[in-house]
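Below: one structure, written as structure tokens.
The values are calculated or read from the model by the stated rules, or taken from the named source; none is laboratory data. A quick note: this is a predicted structure, and the numbers were derived from the prediction, not measured. Virtual Cβ from ideal backbone geometry, glycine too; neighbours counted across all protein chains shown. Keep in mind that these areas ignore ligands, DNA and RNA; they rest on the heavy atoms of the full protein, side chains included. Shrake-Rupley method; radii C 1.70, N 1.55, O 1.52, S 1.80 Å.
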Amino acid sequence: MQSSIEQAIILENLEEVERLLTEEPPIIDEVDREGLPMSFLAARTGNLSIVKYIVEYSRASMNVTDGMHRNILHYGAMSGNLELVQYLVERVGMSPLSGDNELLTPFDIAHFAAAEQTAGERIYSKYACFHADFAGIEDYFTQVVGFSYEESYRNPIRTGFYPDPSIVRVGEDYYMVNSSFIFFPCIPISHSRDLIHWEIIGYAITNPNWAKLDGLEGGRGYWAPDISYYKGRYYICATYRLNDTGTVYRKQMVVSSDKPEGPYSEPVFLDEDGIDPSIFTDDDGRRYMLLNRGARIFEISEDAARQIGEASLLFYGDHKRAPEGPHLLKKDGYYYLFEAEGGTGMGHRVTVSRSRELFGIYEPCPYNPILRQMDETAPIQRCGHGKPVQTPDGDWYMVYLCGRQIDGAYSILGRETALDPITWTADGWPIVNGLKGPSVLQKRPLLLQEAGEEGHGDCKENINWVKEFALQDSDGEESKNLLGEGSRLPLDWMTPRPPEEDAIRLEEGILSLKGSRLPLSDVGSRNILLRRQEHFIFTASTLMEYLPMQEGQEAGLICYYDENTWVSCSLSKEQNGEYIQVKEHIGEQDIIHGKTRLAEALTSIEFTVETKKLQRSFFYRINGGEKKTAAQLQNVYYLCDEGLKKGKRFTGAMVGLFAYAGEENYRAKFLNFFYKINI
């Protein structure tokens, strides 16, 4: 039943609204059945007079958000009332670029509603007034933010498990590396010409004998790489993190190549303790490596293969908590020292200090932190570990890691990569995005605009309801076969630790996967073929050709975090027959769901997982027949950093294929693998 104030707002009865709020001021804090505050409801009706009264005379707060983290301007944009939107922006100070939990901004709302209105389709909001001017609102937002929707991009620029970014520009090309931990190949190298669109082109370590990942627990391996360029060669360094079982836990790894994609040289390891190395070359040609804690520095040889000086502390950091990720930039006579501080959780940040001399006294920036998410309810959190890069046109940007949480608790996509502009103050300090924290929508770099390319498409990719960003599958729905054609897997596939010899064969897009000798929960389990989960809402499926199994063997589809936490949907062989089952592995516990014995002769099995945030629904189809439910899981919280307190957990959820053989031989044959962004 509607309250009196709700009825008055819906009926747009200003006189009654004034009377009710004068007599009983607290009722402005009521919410309707959708959970909307009365101020949001008023904005959605488009009645400017009522909104003005609520803003200027009631006790309503203008910094509240609803359950989707939408604010009053989101609802004002839905109304289609340009004058109301102008009031909220100019007099209340609301931003057209504020994002909700799905990264939807008021700018998005106006853009999509204007397109629908122009096409004569439904109006975005059923509450829009008859004379709604969505095109006018979009034009107004363009003036306010200084760029059109077509000139925008959306953060994160790399969704899914792409943590700890480091970047270098060589000519007009940008190259980025990210942490890979125990996954093989090690340390992905991505390329871009515009800072927005990225593609993996190679890896720093592709030789299984050089990877040194055998026996390492999930979350160990290669941490926080850095990429740099010197005298025609690309250098990648990273921390090599071992298990906590010996006296040495950390070493620094260095490889180099004359090609950004590789192949790279055999890794060398420097026995200096610390994490997050980066290489800096001074104007005199002397080369240095920086490490935490704080920013320690030591000289290295020209080929970066040897340490030739003792480590010393340049500066501990401004925030004084968990200082790491140091990078040096020399500009205008200053050495600028960028550090990540505050830990990798909600307090993560980027700070900067500077000195006129490399080993001089470093002065902290008065604007620190130059990047931090101050709104703990905003969709993009955990922002830090940034490195600056300059475009050929002289503009500056910073790539940095971030995380998006489900229900404010679970970063199931892992730590991702975002991008924001750097501007330099009159007194020579760099600040990121005007000290406003991470952006959701941002103006694309000038280089892309001058090229005349369409770049705004990807800015919609993370809004799950946008149809244009689903891909095409065999059923006519939109999806993409990610196994590809020919004898080489696409470069975004990986395995936990190097696979067994001859484990993966790919011929004309058909994958033959050798069953691992060890179970999925063992650090020695290798033959698990994975790709990053890049969206909160998606469907993945695979068609597996039936090949006879022996007792104890199984194969199928898997949602994977590490050896401690995963869930699979598979065909398994037991003494009395073959079964479809869904298995959760959480810590030391296995939980079986939906175990179904198969009575019919098998030729093929299709496995599907439909994902909606923390929900997983598993299905199977036998011999192309009816689609049946295997199990529905409501909360796979364990597929993320926060899901289990065991070991190191810094990666992200993945999805892919697996086979387990035990001591006998078995190969699973997969005919395809589809990944679809759900609507």
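Assorted remarks:
- Checked against (1) under 23 Å from VAL399 (Cβ atoms); (2) modelled with pLDDT of 95 or more; (3) assigned to a loop (DSSP other than H, G, I, E, B); (4) open to solvent by 40 Å² or more (accessible area, probe 1.4 Å), MET346 passes all but condition (2).
- Test for SER439: is it closer than 18 Å to LEU97 by Cα and among the hydroxyl-bearing types (Ser, Thr, Tyr): yes
- Members of region 652-667 that are part of a loop (DSSP other than H, G, I, E, B) and open to solvent by 50 Å² or more (accessible area, probe 1.4 Å): GLU663, GLU664, ASN665
- The single residue among GLU302, GLU266 that is touching a helix residue (DSSP H, G or I) at 6+ places or on another chain (Cβ under 6 Å) and either without any contact (Cβ under 8 Å) to a residue 60 or more places away in the chain or acidic (Asp, Glu) (or both) turns out to be GLU266.
Residues are listed down the side, and each one gets a yes or a no for (1) over 22 Å from the mean Cα position of the chain (by Cα); (2) assigned to a loop (DSSP other than H, G, I, E, B); (3) touching a residue at least 24 places away in the same chain (Cβ under 8 Å):
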| residue | (1), (2), (3) |
| --- | --- |
| TYR140 | yes, no, yes |
| PHE147 | yes, yes, yes |
| GLY160 | no, yes, yes |
| TYR175 | no, no, yes |
| LEU195 | no, yes, yes |
| TYR203 | no, no, yes |
| GLU217 | yes, yes, yes |
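- Filter pass, LEU671 being surrounded by fewer than 23 Cβ atoms within 10 Å (Cβ to Cβ), assigned to a strand (DSSP E or B) and not acidic (Asp, Glu): yes
- Selected residue [touching a strand residue (DSSP E or B) at 6+ places or on another chain (Cβ under 6 Å) and either small (Gly, Ala, Ser) or at positive phi (or both)] from GLY309, GLY333: GLY309
- Residues satisfying the stated conditions in region 507-536, i.e. over 27 Å from LYS646 (Cβ atoms) and buried (at least 20 other Cβ atoms within 10 Å of the Cβ): LEU511, LEU513, LYS514
- So TYR367, is it of a type outside the set (Asp, Glu), open to solvent by 30 Å² or more (accessible area, probe 1.4 Å), under 16 Å from GLY317 (Cβ atoms) and in contact with a Leu (Cβ under 9 Å, 6 or more places away or on another chain): yes
- Residue match in region 62-72 (condition: out of contact with any helix residue (DSSP H, G or I) (no Cβ under 9 Å at 6 or more places or on another chain), open to solvent by 70 Å² or more (accessible area, probe 1.4 Å), touching a residue at least 12 places away in the same chain (Cβ under 8 Å) and not in a helix (DSSP H, G or I)): yes
- Count - residues of region 294-315 that are in contact with a Pro (Cβ under 6 Å, 6 or more places away or on another chain) and not aliphatic (A, V, I, L, M): 1
- Condition check for ASP108: outside any helix (DSSP H, G or I) and in contact with a helix residue (DSSP H, G or I) (Cβ under 8 Å, 6 or more places away or on another chain): no
- Checking GLU172, GLU199 one by one, the residue that is open to solvent by 10 Å² or more (accessible area, probe 1.4 Å) and under 28 Å from ILE677 (Cα atoms) is GLU199 and no other.
- Annotation: of all residues in region 412-459 being in contact with a strand residue (DSSP E or B) (Cβ under 8 Å, 6 or more places away or on another chain), among the charged types (D, E, K, R) and open to solvent by 20 Å² or more (accessible area, probe 1.4 Å), the one that is modelled with the highest pLDDT is LYS443.
- Of all the criteria given as (1) buried (at least 24 other Cβ atoms within 10 Å of the Cβ); (2) among the aromatic types (Phe, Trp, Tyr); (3) under 23 Å from the mean Cα position of the chain (by Cα), the one not satisfied by PHE184 is (1).
- Filter result for SER541 (touching a Ser or Thr at 6+ places or on another chain (Cβ under 6 Å), among the hydroxyl-bearing types (Ser, Thr, Tyr) and in a loop (DSSP other than H, G, I, E, B)): no
- Test: GLU16 is assigned to a loop (DSSP other than H, G, I, E, B) and more than 24 Å from ILE406 (Cα to Cα): no
- In region 260-280, the residues that are of a type in the set (A, V, I, L, M) and in a strand (DSSP E or B): VAL268, LEU270, ILE279
- Taking region 547-589 as the region of interest, none of the strands (runs of 3 or more DSSP E) fully inside it holds 2 or more residues being modelled with pLDDT under 95.
- Residues that are modelled with pLDDT of 95 or more and in a strand (DSSP E or B) are absent from region 520-527.
- Qualifying positions in region 312-330 - in contact with a strand residue (DSSP E or B) (Cβ under 6 Å, 6 or more places away or on another chain) and in contact (Cβ under 8 Å) with a residue 40 or more places away in the chain: LEU314, PHE315, ASP318, HIS319, GLU324, GLY325, PRO326, HIS327, LEU328, LEU329
- Residues (open to solvent by less than 30 Å² (accessible area, probe 1.4 Å), assigned to a loop (DSSP other than H, G, I, E, B) and of a type in the set (D, E, K, R)) located in region 616-643: none
- Among the candidates ALA204, ALA224, the residue that is crowded, with 24+ Cβ neighbours inside 10 Å, farther than 21 Å from ARG526 by Cβ and in contact with a Gly (Cβ under 9 Å, 6 or more places away or on another chain) is uniquely ALA224.
One line per residue, one yes/no per condition, for (1) among the small types (Gly, Ala, Ser); (2) open to solvent by 20 Å² or more (accessible area, probe 1.4 Å):
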| site | (1), (2) |
| --- | --- |
| SER4 | yes, yes |
| ALA8 | yes, no |
| VAL17 | no, no |
| THR22 | no, yes |
| ILE27 | no, no |
| ALA42 | yes, no |
| ASN47 | no, yes |
| TYR57 | no, yes |
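This table checks each residue for (1) closer than 21 Å to ASN71 by Cβ; (2) at pLDDT 95 or above; (3) crowded, with 17+ Cβ neighbours inside 10 Å; (4) touching a helix residue (DSSP H, G or I) at 6+ places or on another chain (Cβ under 8 Å).
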| residue | (1), (2), (3), (4) |
| --- | --- |
| GLY99 | yes, yes, yes, no |
| LEU104 | yes, yes, yes, yes |
| ALA113 | yes, no, yes, yes |
| GLU121 | no, no, no, no |
| HIS131 | no, no, no, no |
| GLY136 | yes, yes, yes, yes |
| GLN143 | yes, yes, no, no |
